[in-house]
Amino acid sequence: MEEKAQLLKLLKASEEDSKWVSEKYDELREKYEGKVFAVRGKKVIDSAESVEQLMDELERKNENIALLLIESIPPKNASFIL
Amino acid sequence: MPRIHCHVRRFIRGKPFPFAAFLLRTSKIVKGIDALIDTGSPFTVLSTKDALTTRLPLTKMQSGETVSLAGYRFFNHPLGSVIMNFRTETDELVEFSFSSMGALVPTKIDRKMLSEIKDIPTIIGNDFLEEFGLVLHYNPKSMIAYLES
């Protein structure tokens, strides 16, 4: 029961951070275009040029990566069809 | 089963797309993932970026079926059985045990390639929707999305 509550909390936090990234999309693109950044509690807590660099930095800071949203925003004029 | 909560977020060119947050669990990984729900994709795949954030050893995973996505070639490396937990609109946790999930591993791994593909998200594809009998309801204008059985 406690584990379920914990997992739900984790999911909700991740959704909230994702919504926040969407709301702040233009602002974050200006600042982090071409980079990778980590979000927790509606804040960018770290950024780097690559995912590996960001992971190294977050691990060095003893951050729990499972709880973080790791994001990148495609450049303004870039498009791709999945 | 109650509806599975999805959210609509800005993505390619700042346009809205349907995403679902889930917890990916294996014997070695617990990670929150935000995935694009793509009914045009036959596969459910963990993006290269998300694979790297879980510290999966990509260089040892260059095997599996090759797939083309967004102009890049990847191995769809099977991850084996994974547990995916989603949140319902009534705030319950639902669990799916899924054995067809793969990881997108570039056929060529170098710094330039990893930088170019970092915007490609994890995808929940038709295989997942079909296996669990889920339907995507998505209205981009009103920013509503959910999965329903």
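Conditions tested, residue by residue: (1) in contact with a Pro (Cβ under 6 Å, 6 or more places away or on another chain); (2) within 15 Å of B:ASP34 (Cα to Cα); (3) among the aromatic types (Phe, Trp, Tyr); (4) buried (at least 19 other Cβ atoms within 10 Å of the Cβ).
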residue	(1), (2), (3), (4)
A:ASP17	no, yes, no, yes
A:PHE37	no, yes, yes, yes
A:ARG40	no, yes, no, no
A:GLN53	no, no, no, no
A:ASP56	no, no, no, no
A:ARG60	no, no, no, no
A:LEU67	no, yes, no, no
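Consider only pairs whose beta carbons are under 8 Å apart and that are at least six residues apart or on different chains; among these, list those whose first residue lies in region B:41-56 and is at the interface with another protein chain (Cβ under 8 Å from one of its Cβ atoms) and closer than 17 Å to B:SER27 by Cα and whose second residue is buried (at least 23 other Cβ atoms within 10 Å of the Cβ) and of a type in the set (S, T, N, Q). Matching pairs, first to second residue: B:ASP50/B:THR122. Among the residues of this structure, B:GLU65 does not count as one that is surrounded by fewer than 17 Cβ atoms within 10 Å (Cβ to Cβ), at negative phi, charged (D, E, K, R) and within 11 Å of chain A (Cβ to nearest Cβ).
A single entry from A:LYS4, A:LYS12 fulfils the requirement of being of a type in the set (D, E, K, R), free of Cβ contacts under 8 Å to residues at least 12 places away in the same chain and out of contact with any Lys or Arg (no Cβ under 9 Å at 6 or more places or on another chain): A:LYS4. Restricting attention to region A:53-82, which residues are at pLDDT 85 or above, within 21 Å of A:TRP20 (Cα to Cα) and at the interface with chain B (Cβ under 7 Å from one of its Cβ atoms)? Hits for region A:53-82 are A:ILE65, A:ALA66, A:LEU69, A:ILE70, A:SER72. The residues in region B:56-84 that are over 25 Å from B:PHE96 (Cβ atoms), assigned to a strand (DSSP E or B) and of a type in the set (Val, Ile, Thr) can be counted, and the count is 1.
Check whether at least one residue in region B:31-40 is at the interface with chain A (Cβ under 10 Å from one of its Cβ atoms), farther than 29 Å from A:GLU27 by Cα and not β-branched (Val, Ile, Thr), and report yes or no. Yes. Considering region B:77-93, and only residues there that are touching a residue at least 40 places away in the same chain (Cβ under 8 Å) and buried (at least 17 other Cβ atoms within 10 Å of the Cβ), the residue that is farthest from the other protein chains (Cβ to nearest Cβ) turns out to be B:LEU79. Answer yes or no as to whether B:LYS60 is farther than 19 Å from B:GLY32 by Cα, of a type in the set (D, E, K, R) and within 14 Å of chain A (Cβ to nearest Cβ). So B:LYS60 fails the test.
Within region B:9-25, restricting attention to residues that are over 15 Å from the mean Cα position of the chain (by Cα) and more than 7 Å from every other protein chain (Cβ to nearest Cβ), the residue that is modelled with the lowest pLDDT is B:LYS15. When A:ARG29 is tested against (1) under 16 Å from B:PRO121 (Cα atoms); (2) out of contact with any Leu (no Cβ under 7 Å at 6 or more places or on another chain); (3) at the interface with another protein chain (Cβ under 10 Å from one of its Cβ atoms), just one condition goes unmet, and that condition is (1). Considering only residues of region B:1-53 that are among the aromatic types (Phe, Trp, Tyr) and surrounded by 23 or more Cβ atoms within 10 Å (Cβ to Cβ), which is farthest from B:PHE98 (Cα to Cα)? Within region B:1-53, the match that is farthest from B:PHE98 (Cα to Cα) is B:PHE19.
Per the listing B:LEU46, B:LEU134, B:LEU36, the residue uniquely at pLDDT 95 or above and under 19 Å from A:LEU10 (Cβ atoms) is B:LEU46.
The values are calculated or read from the model by the stated rules, or taken from the named source; none is laboratory data. Everything numeric here is computed off the predicted structure, so don't read it as measured data. Cβ: placed from backbone, ideal geometry, glycine included. Neighbour counts: every protein chain shown.
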